[in-house]
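S.K.: I'd like to ask some things about the structure below.
Laboratory data are not the source of any read-out in this text; all were calculated from the coordinates shown. Since the structure is predicted, the reported quantities are computational estimates derived from the model, not experimental observations. So basically every Cβ, Gly included, is an ideal-geometry build from the backbone, and we count neighbours across all protein chains shown.
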Amino acid sequence: MRVVADIPNPDMKVTLLNWNGKYLIKLEKGDFEQTYKISEMDVMGDAGAKELLDEDFLEATLNRFNDMRDAFVSTVRRNNG
């Protein structure tokens, strides 16, 4: 697995990787992680993969992290009384 880039972001860790014919966009915030896989055939090299990391996409993933946290907190409360 090759690290293509660590993308600076104040809200989460964003890493672009290349592995087995795919680009992986790995986002981490606290205890939560999201990974998106894109075929190398669907983008124009490393630069094309980086272009996918636009403001709208990153904002949507940040909102998803909030939803993930809320869902996890809810299940812990339901199941740990």
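S.K.: In deg cm²/dmol, rounded to 500, what helix-only [θ] at 222 nm does the chain give when every DSSP H run of at least 4 residues adds -39500 (n - 2.57) and the total is split over its residues?
M.R.: -13000 deg cm²/dmol
S.K.: Kindly provide the pair-distance distribution of the range 32-73 built from C-alpha pairs, with 5 Å bins from 0 and whole-percent values in order of increasing distance.
M.R.: Result, from short to long distances: 5, 19, 23, 20, 15, 10, 6, 2 percent.
S.K.: Continuing with the same structure: Where a Cα-Cα gap under 15 Å defines reach, which aspartates and glutamates qualify for residue 26, not counting those fewer than 8 residues away within the same chain?
M.R.: The reachable aspartates and glutamates, counting only those whose Cα sits under 15 Å from residue 26, are 6, 11, 46, 51, 54, 59.
S.K.: On to the next question. Compute the distance in nm between two label points, each set 7 Å from the Cα along the Cα-to-Cβ direction, one at residue 76 and one at residue 1.
M.R.: 2.5
S.K.: Could you tell me the center-to-center distance, by alpha carbons, between the range 37-81 and the range 1-30 in angstrom?
M.R.: If we compute the Cα centre of each part, the gap is 11 Å.
S.K.: Counting only C-alpha contacts under 8 Å and six or more residues apart, can you give the relative contact order of the chain as a whole percent?
M.R.: It comes to 19 percent, rounded to a whole number.
S.K.: Along its three principal axes, how long is the range 2-79 when you only count alpha carbons? Whole Å, largest extent first please.
M.R.: Principal extents (largest minus smallest coordinate, Cα): 45, 25, 18 Å.
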